[in-house]
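For reference, the structure discussed in these notes is given below.
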Amino acid sequence: MKRLKTLFLCNNRLCRLAKGLHSSLPELHTVILTNNLFTRFDDLEPLTEIGTLRTLCLLDNGITRQPNYRARVICMLPKLRVLDFQKVKPAEREAAAATMAK
């Protein structure tokens with residue numbers, strides 16, 4: 001699956017991702033994980049290894065109710081352009097960096 005660019009894993013009761021995704025899916029740029037069971041930021045750590053990731057959706061996961069959710073994900077994935085179907089603007093990226101620096 002070296003050419004896979006988009007991965008839809010909605011409604012699967014997933015709660016964590018395997019490490020090493022970047023080696024199996026080197027061209028991956030979009031991951032849609034709506035309506036799963038992600039509750040901790042540690043569970044998303046394997047996404048940081050995917051340097052090509054530009055779009056991520058985590059709607060309807062417990063993690064979206066965590067304090068500073070957007071800011072933390074934006075800082076965790078600095079190349080991300082779209083989070084939860086909303087564009088990440090430069091001002092939001094700067095505010096996220098300031099928030100996480102505190």
message: Out of everything in region 22-43 that is in contact with a Lys or Arg (Cβ under 7 Å, 6 or more places away or on another chain), of a type outside the set (Asp, Glu) and under 14 Å from Arg54 (Cα atoms), what residue ends up being surrounded by the fewest Cβ atoms within 10 Å (Cβ to Cβ)?
response: Pro26
task: Inspect all residues belonging to region 90-98 and state whether any of them is in contact with a strand residue (DSSP E or B) (Cβ under 8 Å, 6 or more places away or on another chain) and touching a residue at least 12 places away in the same chain (Cβ under 8 Å).
output: no
- prompt: Being touching a His at 6+ places or on another chain (Cβ under 7 Å), closer than 21 Å to Ala97 by Cα and open to solvent by less than 40 Å² (accessible area, probe 1.4 Å), is that true of even one residue in region 58-69?
  reply: no
query: Taking the stated definitions as given, is Asp84 on the phi > 0 side of the Ramachandran plot, in contact with a strand residue (DSSP E or B) (Cβ under 9 Å, 6 or more places away or on another chain) and surrounded by 14 or more Cβ atoms within 10 Å (Cβ to Cβ)?
result: yes
task: Inspect all residues belonging to region 48-59 and state whether any of them is among the acidic types (Asp, Glu) and either modelled with pLDDT under 95 or closer than 16 Å to Lys5 by Cα (or both).
output: yes
- prompt: Tally time: how many residues in region 60-73 are of a type in the set (A, V, I, L, M) and more than 19 Å from Leu28 (Cβ to Cβ)?
  reply: 2
query: Taking region 60-85 only, how many residues are among the acidic types (Asp, Glu) and within 16 Å of Leu7 (Cα to Cα)?
result: 1
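The values are calculated or read from the model by the stated rules, or taken from the named source; none is laboratory data. Nothing here was measured: the structure is a model prediction, and the numbers come from that model. Every residue, glycine among them, receives a Cβ derived from its backbone with ideal geometry; neighbour counts consider all protein chains shown. Surface areas here come from the heavy atoms of the whole protein model, side chains and all, with no ligands, DNA or RNA. Shrake-Rupley method; radii C 1.70, N 1.55, O 1.52, S 1.80 Å.
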